[in-house]
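The values are calculated or read from the model by the stated rules, or taken from the named source; none is laboratory data. Note that this is a predicted model, so its numbers are computed, not measured. Don't worry about glycine lacking a Cβ; one is built from the backbone with ideal geometry, like all the others, and counts go over all protein chains shown.
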Ligand SMILES: NC(=O)c1ccc[n+]([C@@H]2O[C@H](COP(=O)([O-])OP(=O)(O)OC[C@H]3O[C@@H](n4cnc5c(N)ncnc54)[C@H](O)[C@@H]3O)[C@@H](O)[C@H]2O)c1
């Protein structure tokens, strides 16, 4: 107890990160790999996954999977079993957003966003939790959003999915304690490919002006919080959500 560094408790941990080929997931994969963890990234973008593995040889493995498809998720975890023989830490992070007026959201768009952002987290968490329960311990962390805590216009489906992630995590934390800790991170605005795809430079500037810290978060800053929450330093933290938002919600 007490004097260990994060790196001592993350070394050799088998870490699975969904949406690990880009943005927050990629920054988190790099951070855990630098801590000495054995990192497997899961993503449905084949080209991006291959180029990431090539560019960052510290990341041990990559598995192609659409997290919204329960059969694909089941097979992906069987592949992870053969690669690393279990999972110690899951970062369920893959997500998408589509900017649209509530009144224009089609059933297809609703299903797509909820299917990836909420169903995907459920499927991957359940597969990981089965393995962690048989191992006797584990940590499950999820990327929700400040959009899962307060309303933001033009993202009704996304916001509903992220609110669902927060309460899924709390319920899992109750059922899976004391073996498995479960928490979510709620980023505000993070400068990632997702964000750059939906916001023009003018929109980004406007957002920065209204954030107390006057800028977007870096993906690496979210990765720092993931490293802390997965480490032994956070051994008494479960069933919580952690905004990292530059003061936005304050
Ligand atoms: N960027 C932000 O401002 C912000 C803020 C709050 C929360 N988030 C959340 O953070 C997470 C990561 O977002 P990001 O900004 O890094 O985005 P990103 O687009 O850079 O990365 C998302 C990754 O998820 C993958 N992915 C998408 N659909 C998938 C699927 N069906 N199966 C497997 N992989 C899939 C993509 O290929 C991509 O590699 C998301 O859950 C997002 O909602 C982002």
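Before moving on, here are some points about what is shown:
- Pair list, Cβ under 7 Å, 6 or more apart: the range 57-73 residue within 13 Å of residue 42 (Cβ to Cβ) and free of Cβ contacts under 8 Å to residues at least 12 places away in the same chain, other residue within 9 Å of the ligand (Cβ to nearest atom) and not in a helix (DSSP H, G or I): 72/65; 72/66
- The set of residues from the range 168-181 being free of Cβ contacts under 8 Å to residues at least 24 places away in the same chain and not in a loop (DSSP other than H, G, I, E, B) comprises 171, 175.
This table checks each residue for (1) at pLDDT below 95; (2) more than 15 Å from residue 96 (Cα to Cα).
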{"site": "165", "(1), (2)": "no, no"}
{"site": "171", "(1), (2)": "no, yes"}
{"site": "182", "(1), (2)": "no, yes"}
{"site": "193", "(1), (2)": "yes, no"}
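- Scanning the range 14-58 for residues that are part of a loop (DSSP other than H, G, I, E, B) and buried (at least 24 other Cβ atoms within 10 Å of the Cβ) returns 19, 20, 21, 37.
Condition check ((1) within 15 Å of the ligand (Cβ to nearest atom); (2) part of a helix (DSSP H, G or I); (3) over 14 Å from the mean Cα position of the chain (by Cα); (4) within 20 Å of residue 37 (Cα to Cα)) across all residues:
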| position | (1), (2), (3), (4) |
| --- | --- |
| 152 | yes, no, yes, no |
| 159 | yes, yes, yes, no |
| 166 | yes, yes, no, no |
| 183 | yes, no, no, yes |
| 197 | yes, yes, yes, no |
| 203 | yes, yes, yes, no |
| 215 | yes, no, yes, no |
| 220 | yes, yes, no, yes |
| 223 | yes, yes, no, yes |
